[in-house]
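Below is one structure, written out as structure tokens; the observations come after it.
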Amino acid sequence: MPRIERSADVSWEGNHARGEGLIAAEMGAFSDLPFSLPTRIAAVEGKTSPEELLAAAHAGCLTMSLAGELTQAGTPPGRLDVTCTIVMDEVEAQGHQIVGSNVVVSATVDGVSDEALNDAITRADEGCPFSQLLKRAGAQVSVRRG
């Protein structure tokens, strides 16, 4: 696979507590996604947060990895539904840190046993760059079937 580079642009106006930002994807898939401190720590109000975007990225990466594993095994998925929850918490002497990523996979795959599906999920997690990045950073990554 070739080297991949992707960018996002972020603008911010105002102070930390009351300011607001906008996030846009380089490739145009999304633009002007609003985010703020209140959407990070409290009610979403139709806005996003860096943690929600990380959850989407991890879920998307793991989904693609699992689709690849199942297809290579000759049992391509009919449908994959993946939910990821990123956990940020206070870590002593380090402040707020990403401490976990909990991924739940629901899969519709014809002709695959539960054991083979579980093995494919394990391989997908091992092959997912986002899973590996989070693990190397010390976060607990949990991937399970739902």
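Mean residue ellipticity, 222 nm, helices only, the chain: the sum of -39500 (n - 2.57) across DSSP H runs of n ≥ 4, divided by residue count and rounded to 500, is -10500 deg cm²/dmol.
Which whole-number percent gives the relative contact order of the chain, counting Cα pairs below 8 Å spaced six or more residues apart? Once divided by the residue count of the chain, the mean separation gives 17 percent. A simple charge model with +1 on the Cβ of Lys and Arg, -1 on the Cβ of Asp and Glu and nothing else charged puts the dipole of the range 50-145 at about 180 debye relative to its Cα centre. When both the range 86-115 and the range 40-84 are represented by their alpha-carbon centers, they are found 10 Å apart.
Starting from the Cα gyration tensor of the range 83-138, take the square roots of the eigenvalues, sort them a ≥ b ≥ c, and report rounded, prolate or oblate (rounded when a/c is under 1.5, otherwise prolate if a/b is larger than b/c, else oblate). Judged from the Cα gyration tensor, the range 83-138 comes out prolate (a/c at least 1.5, a/b above b/c). Cα convex hull, the range 50-145: 79 Å³ per residue, rounded to a whole number.
Beta bridges assigned by DSSP with both partners in the chain are antiparallel in approximately 75 percent of cases. A Stokes-Einstein calculation at 4 °C with viscosity 1.567 mPa s, built on the Kirkwood radius of the range 6-59 over Cα pairs, returns a diffusion coefficient of 112 µm²/s.
Coordinate-derived values only; no laboratory data. Bear in mind the structure is a predicted one, so any value in this text is a computation, not a measurement. Because the Cβ atoms are built from the backbone with ideal geometry, glycine has one as well, and the counts that use them run over all protein chains shown.
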